[in-house]
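Read-outs: derived from the displayed coordinates by stated rules, not from any lab. Everything quoted here is computed from the prediction, not taken from an experiment. When we count neighbours, we look across all protein chains shown, and the Cβ atoms used for this are built from the backbone with ideal geometry, even at glycine.
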Amino acid sequence: MGEVAMYQVNGVLLACEADGPPDGPPVLLLHALGEDRGSWRAVSAGLAADGWRTLAPDLRGHGDSGHPGAYAFESMRDDVLALLDALRLETVTVVAHSLGTIVASLVAMDRPWAVRRMVLEEGPLPYPADPPRPVPGARRPGRPDAVRLARGARGRRAAQRPAAPAPGGSRRDHRTHPDGGRRPAQPRPAGPAGGDRGGDPRRAPDHHRGRAHGPRRAAGRIPRRREGVPREPAGRGRRDPGAVRAGARHGR
């Protein structure tokens, strides 16, 4: 933690934490809305170790600074400019986050010679371009932006999809080589009849495939019963359902 000092500037009391060598190049750290100078503590420690003189104030209405009730961006800009005068800094590097980026932009617009460079993180610019410039990809009449963006995203995804395989091939057959070329379809070796696939390791033997699929595969091999074909006699140890029904009619 650095040295904390209080400064009465622009009619408000500002708390500012300084770290690093006093003769180092100054860098001003402006925090985001709802935060304070403590959000920069890890960053200021790293910059101070590299020889920078870090200055992290609490903007008005934040942290240990005053809460005057008026929190316009221009008032925060004037606070920072008055703080630079109190510290007798002619030039400074500014690093800002969110709300701080608006204040930093206003400081640079009002006193551009005092800002050597700026780093703005997650913040909009406070004013549009003057004169206004057209925005690339602006909304077309009758088509909302959401629809236009969604259709553009679908078109980009379609362009990134791989090409469909040629007739008679498969996606596996058309995988690309590392050099970007297409792998031609490789014919599978033809084996002798009887279910032998010629030793293809990707195809399981017929008896394994029949076992893996179980009754579903076996049921497909049982021929359907045709009318007029006599029923096979019951095997040993099994009772014929037709004989049981006939015996019941005759009292047996």
So for the stretch 1-108, Kirkwood radius off the Cα pairs, Stokes-Einstein at 25 °C and 0.890 mPa s: how many µm² s⁻¹? 182
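If you add up the charges near Ala72, with Lys and Arg at +1 and Asp and Glu at -1, over every other residue whose beta carbon is less than 12 angstrom from its beta carbon, what do you get?
So the surrounding residues net to -1.
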In the neighbourhood of Pro22 defined by beta carbon distances under 11 Å, the net charge of the other residues (Lys, Arg +1; Asp, Glu -1) is -2
Could you check the spin-label model distance between Met1 and Asp85? Points 7 Å from the Cα along Cα→Cβ, value in nm. 3.1
